[in-house]
Amino acid sequence: MKILTIKQFSDEAKAMMYKHRLDEEGIHCIISNAIVSTLFPLGAGAFSLQVLEDDFDAALAIINELDQLYTED
(Lines give C-alpha, C1' and ligand atoms only; values in the text may rest on other atoms or scores of the structure.)
Protein backbone atom coordinates (compact mmCIF):
# COMPACT_ATOMS: atom_id res chain seq x y z
CA MET A 1 0.00 0.00 0.00
CA LYS A 2 1.14 3.49 -0.81
CA ILE A 3 1.30 6.30 1.71
CA LEU A 4 0.20 9.67 0.33
CA THR A 5 0.63 13.19 1.65
CA ILE A 6 -2.81 14.69 2.01
CA LYS A 7 -1.97 18.07 3.58
CA GLN A 8 1.03 20.08 4.72
CA PHE A 9 1.20 22.39 7.71
CA SER A 10 3.68 24.92 8.99
CA ASP A 11 2.14 24.66 12.47
CA GLU A 12 2.65 21.43 14.41
CA ALA A 13 -0.35 22.05 16.68
CA LYS A 14 -2.70 22.33 13.71
CA ALA A 15 -1.20 19.20 12.13
CA MET A 16 -1.81 17.30 15.37
CA MET A 17 -5.39 18.56 15.54
CA TYR A 18 -6.12 17.24 12.04
CA LYS A 19 -4.36 13.95 12.83
CA HIS A 20 -6.44 13.52 15.98
CA ARG A 21 -9.67 14.05 14.02
CA LEU A 22 -8.67 11.45 11.41
CA ASP A 23 -7.71 9.03 14.19
CA GLU A 24 -11.17 9.52 15.75
CA GLU A 25 -12.71 8.46 12.43
CA GLY A 26 -10.57 5.32 12.31
CA ILE A 27 -8.26 6.63 9.60
CA HIS A 28 -4.66 5.79 10.44
CA CYS A 29 -2.28 8.61 9.61
CA ILE A 30 1.17 9.90 10.40
CA ILE A 31 2.86 13.28 10.52
CA SER A 32 6.22 13.23 8.80
CA ASN A 33 9.03 15.77 9.18
CA ALA A 34 8.12 16.33 12.83
CA ILE A 35 11.68 15.56 13.92
CA VAL A 36 13.28 17.73 11.22
CA SER A 37 11.03 20.64 12.13
CA THR A 38 11.99 20.24 15.78
CA LEU A 39 15.70 20.32 14.95
CA PHE A 40 15.28 23.34 12.68
CA PRO A 41 12.52 25.43 14.29
CA LEU A 42 12.88 28.37 11.92
CA GLY A 43 10.85 26.71 9.20
CA ALA A 44 13.25 24.24 7.64
CA GLY A 45 10.44 21.82 6.94
CA ALA A 46 6.71 21.51 6.85
CA PHE A 47 4.69 18.92 8.72
CA SER A 48 3.16 16.47 6.22
CA LEU A 49 -0.02 14.62 7.15
CA GLN A 50 0.03 11.25 5.40
CA VAL A 51 -2.59 8.54 4.96
CA LEU A 52 -2.84 5.19 3.24
CA GLU A 53 -3.96 5.37 -0.37
CA ASP A 54 -7.12 3.38 0.46
CA ASP A 55 -8.14 6.00 3.05
CA PHE A 56 -7.33 9.05 0.92
CA ASP A 57 -10.88 9.92 -0.21
CA ALA A 58 -12.43 9.56 3.25
CA ALA A 59 -9.58 11.54 4.81
CA LEU A 60 -9.88 14.28 2.20
CA ALA A 61 -13.58 14.73 2.97
CA ILE A 62 -12.77 15.19 6.67
CA ILE A 63 -9.89 17.55 5.92
CA ASN A 64 -12.08 19.68 3.67
CA GLU A 65 -14.63 19.90 6.49
CA LEU A 66 -11.92 20.95 8.96
CA ASP A 67 -10.52 23.47 6.50
CA GLN A 68 -13.93 25.12 6.28
CA LEU A 69 -14.19 25.28 10.07
CA TYR A 70 -10.72 26.72 10.58
CA THR A 71 -10.40 29.04 7.58
CA GLU A 72 -10.14 32.63 8.66
CA ASP A 73 -12.33 35.10 6.78
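The values are calculated or read from the model by the stated rules, or taken from the named source; none is laboratory data. Bear in mind that the values here come from a model prediction, so they are computed numbers and not experimental data. Positions of Cβ are generated from backbone atoms using ideal geometry, with glycine treated the same way; all protein chains shown enter the neighbour counts.
Only residues that are among the hydrophobic types (A, V, I, L, M, F, W, C) and in contact (Cβ under 8 Å) with a residue 24 or more places away in the chain: list them for region 1-16, please.
Within region 1-16, MET1, ILE3, LEU4, ILE6, PHE9, ALA15 meet the criteria.
Step by step: first the residues of region 23-37, then only those that are closer than 21 Å to ASP55 by Cα and either touching a Cys at 6+ places or on another chain (Cβ under 8 Å) or buried (at least 16 other Cβ atoms within 10 Å of the Cβ) (or both), then the one that is modelled with the lowest pLDDT. Which residue is that?
The qualifying residue modelled with the lowest pLDDT is ASN33.
Looking at (1) in contact with a helix residue (DSSP H, G or I) (Cβ under 7 Å, 6 or more places away or on another chain); (2) outside any helix (DSSP H, G or I); (3) at pLDDT 80 or above, which is the only condition ILE62 fails?
(2)
Give the number of residues within region 3-29 that are closer than 10 Å to ALA46 by Cβ and part of a loop (DSSP other than H, G, I, E, B).
Within region 3-29, residues that are closer than 10 Å to ALA46 by Cβ and part of a loop (DSSP other than H, G, I, E, B) number 2.
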